[in-house]
1. If I ask for residues that are over 12 Å from ASN63 (Cα atoms) and in a loop (DSSP other than H, G, I, E, B), which ones from segment 87-133 would you list?
2. Restricting attention to segment 394-413, which residues are touching a helix residue (DSSP H, G or I) at 6+ places or on another chain (Cβ under 6 Å) and within 16 Å of GLY363 (Cβ to Cβ)?
3. Among the residues of segment 354-366, is any closer than 21 Å to LEU307 by Cα, open to solvent by 30 Å² or more (accessible area, probe 1.4 Å) and in a helix (DSSP H, G or I)?
4. Pick out the one residue from ILE260, ILE235, ILE215 that is of a type in the set (A, V, I, L, M), closer than 22 Å to PRO147 by Cβ and modelled with pLDDT under 85.
5. From the residues in segment 369-426 that are closer than 14 Å to VAL451 by Cβ and basic (Lys, Arg), which one is modelled with the lowest pLDDT?
6. Considering only residues that are modelled with pLDDT under 95 and open to solvent by less than 30 Å² (accessible area, probe 1.4 Å), which ones fall in segment 441-464?
7. Among the listed residues ALA133, ALA44, ALA97, which satisfies the condition of being at pLDDT below 90 and exposed (fewer than 14 other Cβ atoms within 10 Å of the Cβ)?
8. Does LEU276 satisfy the condition of being in contact with a strand residue (DSSP E or B) (Cβ under 7 Å, 6 or more places away or on another chain) and modelled with pLDDT under 90?
Amino acid sequence: MMRNSEQCPHGAIAKRRKVPKISLCNLPMDILSMILSLLPINDAVRTSVLSKKLKRVWCSHNNLTFDKGTMRKTYFRPSTGYYGVLRAKEFITKVDAVLHQHSGMGVEHMEIKFGLHSKRADHIDKWVNFAIASRTKEFVIDLSGRPKSTYFGELSCGNKRISSEEPYNLPSQLFSPSNGSYLQCLELRTLCVQLPSDFKGFLNLKSLSLVDVRITDEDVHSVLSKCNLLEFFEIAYCRMVTRIRMLHSLDRLKHLVVDICPKLQEIELNCSPTTLNTSPRLETLTLLCYEHEKTIVPEGPFKFTYLQNLRLELVISDYGKIDVLDYAYLLKIAPFMETLELPMWMVGRNRPYCKEDGELRIGLPHKHTHLKSVRISGFFGHKDQVELSIHILRSSIALEKMEITPKLEISNNLALHDCCYEKPHYVDGHRIATEFVCKADYRNVVNVVKVPSSLEPSAAAMEA
């Protein structure tokens, strides 16, 4: 048997062809660009040592993410056993070095996430100008240097900032018609925004997020009224905002997120004042409400005509002024809603429902024909929680499942620091839901979720 040859059909001997080795550097430029675009910027930069061709490729990297991970130190300290802490000066030097070598063309996504403030404005201005010059489509600038959940702690301590430094002021040139026309997604966190008087909007902006941004009511209104293609809008922890107004319809808006803004009193979007209404084409709505006073119930014929998914997070801190049963109106104003999530945190309430509290209020069902899935969390078994759950159950004739759990599921771990305090309520919540809500379930759609044993209070704690 011949190893390096093979027999042809006519008896001739032919040498076996050698398969050439494929080198990364031999790949076409478009293939290399696609491969390197999947790498974090720090790894893409490292490929430049392999060849001049690869150096040219990474210089056109279209995904520029600068954070503690991508700009991390590359050495290991034997004495401490971890990578060195990345300081602001080192972060700035590394970002500057990358942007200096970059071609400035074809940037799809640019992200800056690091704790910086106004004293570093000269460098941050250069990065913003790079995003403008490179016609970046998705621009994220997060100068907080910390997780979102920490903002809630600040608000609980009198709305005081952890940092005493003045936040960075975003330059006005970003908001000019020519410079901002390429933006499709803009995420801003922990900085100041002051729109120029001639602001005409972002012509192609589809997604906007404002978190811990120092911005006035007037500028929020201006942004909303002049970004007609907006599909997603988030506003959270903006301490100056008292009112969100939109006097003409945002026809394309599909998802609105309003997280805790401590001074926010009113949301007025394409409707009459004193009501919590929004764009009629909205499909998904997420609200996190810190309730002190009685909820304002929408009046008149308004309905969320297109709303299919609603997540309403309720942090209720003033027992006696807030009646959870008031939220039954959600079934009326969202007639085509299919999924409903109601995470609650009943701060300060300490007793589950018992007969001494009086008979349950059971009104006429609304007959909602589209609601299929409901999840209620933070169910501690209070009377108005039971009443709301039963009302939704009886009103939703197409309901396929209703999950009830006493576990706290408020987003961003806002209730994490009080979980130990809340644990004794878990058993009561499970017991009350099983006793009263399940009893009203004639279709077997209710599932009361038991809190995992690791989160339940110990027997000794219960006896104490």
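1. ARG87, SER103, PHE114, GLY115, LEU116, HIS117
2. SER395
3. Checked against the condition, which is being closer than 21 Å to LEU307 by Cα, open to solvent by 30 Å² or more (accessible area, probe 1.4 Å) and in a helix (DSSP H, G or I), segment 354-366 yields no hits at all.
4. Matching residue, one of ILE260, ILE235, ILE215: ILE260.
5. LYS423
6. Hits for segment 441-464 are VAL451, PRO457.
7. Going through ALA133, ALA44, ALA97 in turn, just one is at pLDDT below 90 and exposed (fewer than 14 other Cβ atoms within 10 Å of the Cβ): ALA97.
8. yes
The values are calculated or read from the model by the stated rules, or taken from the named source; none is laboratory data. Quick caveat: nothing in here was measured; it's all calculated off a predicted structure. No Cβ is skipped: glycine too gets one built from the backbone with ideal geometry, and neighbour counts run over all protein chains shown. Heavy atoms of the whole protein, side chains included, go into the accessibility calculation; ligands, DNA and RNA do not. Shrake-Rupley method; radii C 1.70, N 1.55, O 1.52, S 1.80 Å.
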